[in-house]
Amino acid sequence: MSAAAGAGDPLRLARGVRAGDRRALARAITLVESSHPDHALAARRLLVDILPHTGGSLRVGITGAPGVGKSTLIEAVGLSIVERGQSVAVLAVDPTSAVSGGSVLGDKTRMGELARRSEAFIRPSPSGSVLGGIARRTRGAVLLVEGWGADVVLIETVGVGQSETAVALAADVVVLLVGPGGGDDLQGIKRGVMELADIVAVTKADGDLRAQAERTRNDYSAAAAVVGASESLPVVTCSAFDAHGIDELWAAVTRRYEALRQGSALADRRAEQAREWMWREVREGLAEAARSASPAVQHLGDLEDAVREGRLLPEAAADELIASLRRAPPPG
Ligand SMILES: Nc1nc2c(ncn2[C@@H]2O[C@H](COP(=O)(O)OP(=O)(O)OP(=O)(O)O)[C@@H](O)[C@H]2O)c(=O)[nH]1
Ligand SMILES: [Mg+2]
């Protein structure tokens with residue numbers, strides 16, 4: 001079968017991942033990230049085989065503005081996890097942006113020490129050419145690193161647009177990282193970023209920035225109370241440079257995780273993420289079918305023109321496409 005040949009044997013790959021083979025893991029993630037239609041079936045076989053061996057890790061999203069210090073903090077946190085005898089996987093989910101450029105190189109150098117540890121696996125961002133499907137690829141990669149045996153998964157993301165959804169659909173605990181400057185960063189609250197966060201960490205709290213970071217921490221604590229994000233939203237300061245606050249931050253993360261594990265909160269959260277994921281797939285699949293498989297596809301250009309020129313309401317055009325999809329014979 002050519003598809004399986006192109007993608008390698010998914011079941012062999014799955015065995016390699018479960019045996020702790022890092023190269024197999026890297027190839028497995030590449031397969032799941034692939035947007036090549038021939039790889040979709042192999043990727044699914046792989047994930048189905050891995051699925052019974054997943055769910056055992058603490059999944060942490062680390063989100064924050066570009067350059068705020070996410071990768072550097074992840075290296076510090078990751079090293080302390082490894083020192084405690086646990087394994088850690090780092091996933092960066094943002095496609096390389098034109099702005100920051102070359103984040104693959106950046107991540108590798110910024111996490112150089114962690115990258116050399118056998119208990120750590122680091123997967124830099126997918127390349128900038130890959131658009132769409134970030135949530136799907138992130139979830140797939142989380143399952144794979146769990147199958148590999150990661151005790152902790154750290155997911156780095158700038159947390160806007162698609163990657164915000166990706167982290168919300170994949171993480172158990174979300175840490176919002178902010179700079180010591182306050183000011184503009186506080187806009188994050190208005191944008192609702194804090195509603196997504198379980199913990200706020202003011203990073204770069206070292207040297208001259210330490211006092212300012214403490215003031216920013218107080219600002220965030222006060223702001224969290226005002227927006228009613230949560231009476232118990234922890235706000236901490238930390239530094240990846242002098243290791244200040246790293247243990248406290250990690251203690252806050254594990255406290256949150258242990259709280260979720262009381263009763264069924266963690267299982268409920270993950271169940272809801274899986275359900276939401278299914279509906280995303282349905283929405284994306286239907287949109288794709290409307291674009292490519294609907295009998296109205298020959299008129300698609302006309303429909304779009306009519307909508308663009310204001311001759312047809314967008315909702316009327318959508319109705320027409322959906323109606324035509326309903327009339328279409330089922331695939332296969
Ligand atoms: N003083 C100080 N600087 C830091 C700290 N952490 C990171 N930096 C600096 O902040 C800059 C950005 O750090 P990164 O870790 O690459 O930030 P990032 O959020 O991962 O950036 P992107 O992945 O590009 O969004 C680098 O120059 C770091 O050296 C810290 O704890 N203290
Ligand atoms: Mg980074």
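The values are calculated or read from the model by the stated rules, or taken from the named source; none is laboratory data. The model shown is predicted, which means the values in this text are computed figures rather than measured ones. Neighbour counts run over all protein chains shown; Cβ positions are idealised from the backbone, glycine included.
Remarks
- Some residue of segment 31-47 being modelled with pLDDT of 95 or more, among the β-branched types (V, I, T) and either away from ligand 1 (no atom under 16 Å from the Cβ) or closer than 16 Å to L144 by Cα (or both): no
- Total residues in segment 60-75 satisfying the condition of being hydroxyl-bearing (S, T, Y), within 8 Å of ligand 1 (Cβ to nearest atom) and in contact with a strand residue (DSSP E or B) (Cβ under 8 Å, 6 or more places away or on another chain): the figure is 1.
- Taken across segment 305-319, residues that are at positive phi and modelled with pLDDT of 85 or more do occur, with at least one present.
Yes/no matrix, rows are residues, columns are (1) outside the structural domain of T254 (by TED's automatic domain parsing); (2) more than 16 Å from F121 (Cα to Cα); (3) surrounded by fewer than 20 Cβ atoms within 10 Å (Cβ to Cβ):
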| site | (1), (2), (3) |
| --- | --- |
| R12 | yes, yes, yes |
| H39 | yes, yes, no |
| R59 | no, no, no |
| I74 | no, no, no |
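- Scanning segment 192-217 for residues that are modelled with pLDDT under 90 and of a type outside the set (D, E, K, R) turns up G192, V193, M194, L196, A197.
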